[in-house]
Amino acid sequence: MKNVERRNKNEYYVYLEELRQSGVTNMFGSAPYLREEFGLGRRESIKIVASWMDNYEELIEKGIISRGE
């Protein structure tokens, strides 16, 4: 993710977790929501969603996101 700064990635991850908790969409369909909210390109938004999915447990462990349980 060349164009995404570390501080922004966390903002994207938090947004994705809030979207997941809302139940508005299946997370495999979340990239368009990310594009709309942050003005990202298609590829960049897909990479961010994939990163969020791949690192989900680590993001929780580090306290970046919370499952909201």
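Worth pointing out:
- Of residues in the range 17-49 being of a type in the set (Ser, Thr, Tyr) and outside any loop (DSSP other than H, G, I, E, B), the one least open to solvent (accessible area, probe 1.4 Å): Ser45
- Screening Met53 against (1) more than 13 Å from the chain's Cα centre (by Cα); (2) touching a residue at least 12 places away in the same chain (Cβ under 8 Å) leaves a single unmet condition, (1).
- Arg42 closer than 19 Å to Gly68 by Cα and among the basic types (Lys, Arg): no
- Pair list, Cβ < 6 Å and 6+ apart or interchain, from the range 1-15 residues that are modelled with pLDDT under 55 to residues that are of a type in the set (Lys, Arg) and open to solvent by 90 Å² or more (accessible area, probe 1.4 Å): Met1/Lys47
The values are calculated or read from the model by the stated rules, or taken from the named source; none is laboratory data. None of these values were measured; they are calculated from a predicted model. For neighbour counting, all protein chains shown are included, and Cβ atoms are generated from backbone atoms with ideal geometry for every residue, glycine included. These accessible areas exclude ligands, DNA and RNA; they are computed on the full protein's heavy atoms, side chains included. Shrake-Rupley method; radii C 1.70, N 1.55, O 1.52, S 1.80 Å.
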